[in-house]
1. Which one of Glu369, Glu284, Glu348 is among the charged types (D, E, K, R), surrounded by fewer than 17 Cβ atoms within 10 Å (Cβ to Cβ) and under 18 Å from the mean Cα position of the chain (by Cα)?
2. Which number in (1) modelled with pLDDT under 95; (2) touching a strand residue (DSSP E or B) at 6+ places or on another chain (Cβ under 9 Å); (3) surrounded by 15 or more Cβ atoms within 10 Å (Cβ to Cβ) marks the one condition that Phe213 misses?
3. Using the structure shown, decide if Met62 is exposed (fewer than 14 other Cβ atoms within 10 Å of the Cβ), aliphatic (A, V, I, L, M) and outside any helix (DSSP H, G or I).
4. Pull up the stretch 1-26, narrow it to residues that are surrounded by 15 or more Cβ atoms within 10 Å (Cβ to Cβ) and among the charged types (D, E, K, R), then point me to the one that is nearest to Ser83 (Cα to Cα).
5. Just a yes or no: is a residue in the stretch 343-356 within 27 Å of Thr129 (Cα to Cα) and in a loop (DSSP other than H, G, I, E, B)?
6. So Met100 ticks every box in (1) out of contact with any helix residue (DSSP H, G or I) (no Cβ under 7 Å at 6 or more places or on another chain); (2) touching a residue at least 24 places away in the same chain (Cβ under 8 Å) but one. Which box is left unticked?
7. Go through the stretch 27-50 and give me each residue that's under 23 Å from the mean Cα position of the chain (by Cα) and surrounded by 16 or more Cβ atoms within 10 Å (Cβ to Cβ).
8. For the stretch 364-389, enumerate the residues that are in a strand (DSSP E or B) and under 30 Å from His316 (Cβ atoms).
Amino acid sequence: MLDIKLLRDEPAEVKRRLATVGCEAAEVDAVIELDERRRALLVEVESGRAERKQASKKIGAMSPGAEMEEAKAAVRAIGDKISAAEKELAGIDERLDLAMLSLPNLPHPDVPEGKTEDENVVVREVGDTPAFDFEPKPHWELGEALGILDFERGVKISGTRFYVLKGDGARLQRALIAWMLDLHTSEHGYSEVYPPAMVREECLYGTGNLPKFGDNLYRDAEEDFYFVPTAEVPVTNLYRDEILQAADLPIQHVAYTPCFRREKMSAGRDVRGIKRGHQFDKVEMVRFVRPEDSDAALLDLLDNAEDVARTLGIRHRVVQMCTADLSFVAAIKYDVELWAAGCQEWLEVSSCSNFTDFQARRANIRFREGKDKPQLVHTLNGSGLALPRVMIAVLENFQRADGSVEIPEVLRPYMGGQSEIRAA
């Protein structure tokens with residue numbers, strides 16, 4: 001959520017910057033108008049209360065009679081005006097909160113402007129394209145031939161965009177998760193947490209998933225529980241409504257969770273294979289830092305995500321999102337994409353974002369230096385990395401002519417020393 005003071009003091013600049021991410025000036029104007037009306041009502045209520053208090057004191061000094069009754073009637077009229085203003089104020093507060101929650105984050109000055117995702121900037125490409133002396137297969141053909149992917153039974157038990165990992169497929173995914181968690185905790189300085197996969201509604205407001213993206217979330221029909229779309233939600237909310245000590249910053253957590261998304265916005269896309277499903281696994285990195293440290297923290301977070309690709313030995317690239325392709329909450333964002341030799345495409349496996357104080361203001365996460373006034377932290381997050389797309393990249397880039405798949409060396413200790421996957 002943006003700082004209301006910024007909208008009051010620099011409305012033209014806020015409109016200009018938000019226009020680059022597709023936010024209409026009318027949305028900003030609506031917030032400003034509601035804020036002005038709210039402040040006018042507050043003045044009206046406070047002055048009315050003062051007037052009523054003064055009038056009530058005068059009544060106490062009066063003798064019973066017509067004059068007193070007239071004064072009492074005047075006090076009641078003041079009270080009615082106060083009640084009407086308070087009722088309107090409550091409605092204005094609700095509308096203002098919703099309007100503020102609907103404004104996206106301001107793009108960072110370093111974000112390139114663009115009108116479509118085609119204007120995203122490839123920052124770098126790392127590694128070589130794998131060379132094959134045969135036609136590499138896509139993972140859906142490889143997986144079924146190896147007996148490690150079962151699409152038919154996934155659809156049978158749950159419907160479209162579901163699948164079953166079997167045997168070495170399930171083992172490979174488990175190995176990837178365990179290895180990535182170990183890498184981030186032992187090499188990159190993260191503390192592991194295992195949060196719930198269901199959260200209360202306010203957690204999703206805190207991270208910016210609600211109210212804008214409610215249609216893409218799965219919700220329990222009877223209780224106030226949402227299935228997490230990413231571990232970012234529960235991990236960020238670990239410190240909701242808390243004042244952290246400055247000495248404890250930065251805080252760096254890594255978490256594995258299953259993730260659940262309706263994928264309404266991707267209807268008709270990526271219908272083959274396991275690239276896009278309603279349920280998937282992900283290892284997530286989340287950071288809480290001082291405001292002055294967040295730019296450097298983002299680059300370090302990005303390097304942590306890239307380290308997974310480098311260590312696996314898979315060609316990858318880093319893409320900076322232009323203003324047209326920023327997320328609702330991100331001030332600046334980089335994607336890490338792995339090359340998939342069978343699909344012949346780049347697969348996004350991590351979005352590394354600096355949210356500045358946007359989430360912290362919504363979730364009320366602050367820090368204090370000594371006896372100073374509390375300040376909002378800056379939050380960041382990035383996948384480290386997301387399954388099943390890493391699975392796709394491993395299967396397709398390490399496939400052999402005979403249909404077997406070589407297991408990357410770094411994963412072999414997590415698979416009991418196994419060096420390849422072959423059909424049973």
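The values are calculated or read from the model by the stated rules, or taken from the named source; none is laboratory data. All of these numbers come straight from a predicted model, not from anything done at the bench. Neighbour counts run over all protein chains shown; Cβ positions are idealised from the backbone, glycine included.
1. On the way: Glu369 fails: under 18 Å from the mean Cα position of the chain (by Cα); Glu284 fails: surrounded by fewer than 17 Cβ atoms within 10 Å (Cβ to Cβ).
From the options Glu369, Glu284, Glu348, the qualifying one is Glu348.
2. (2)
3. Details: exposed (fewer than 14 other Cβ atoms within 10 Å of the Cβ): yes; aliphatic (A, V, I, L, M): yes; outside any helix (DSSP H, G or I): yes.
Taking the combined requirement at face value, the residue satisfies it.
4. Of the residues in the stretch 1-26, the ones surrounded by 15 or more Cβ atoms within 10 Å (Cβ to Cβ) are 1-4, 7, 11, 14-15, 17-18, 20-21, 23.
With the extra rule that they be among the charged types (D, E, K, R), the set shrinks to 3, 15, 17.
Details: Asp3: 29, Lys15: 35, Arg17: 39 Å.
Of everything passing the filter in the stretch 1-26, Asp3 is nearest to Ser83 (Cα to Cα).
5. Yes; the residues of the stretch 343-356 include at least one that is within 27 Å of Thr129 (Cα to Cα) and in a loop (DSSP other than H, G, I, E, B).
6. For Met100, the exception is condition (1).
7. We begin by selecting, within the stretch 27-50, every residue under 23 Å from the mean Cα position of the chain (by Cα); these are 27-28.
Residue satisfying the conditions is Val28 alone.
8. So in the stretch 364-389, the residues in a strand (DSSP E or B) come out as 365-368, 375-376, 378-386.
Within the stretch 364-389, His378, Thr379, Leu380, Asn381, Gly382, Ser383, Gly384, Leu385, Ala386 qualify.
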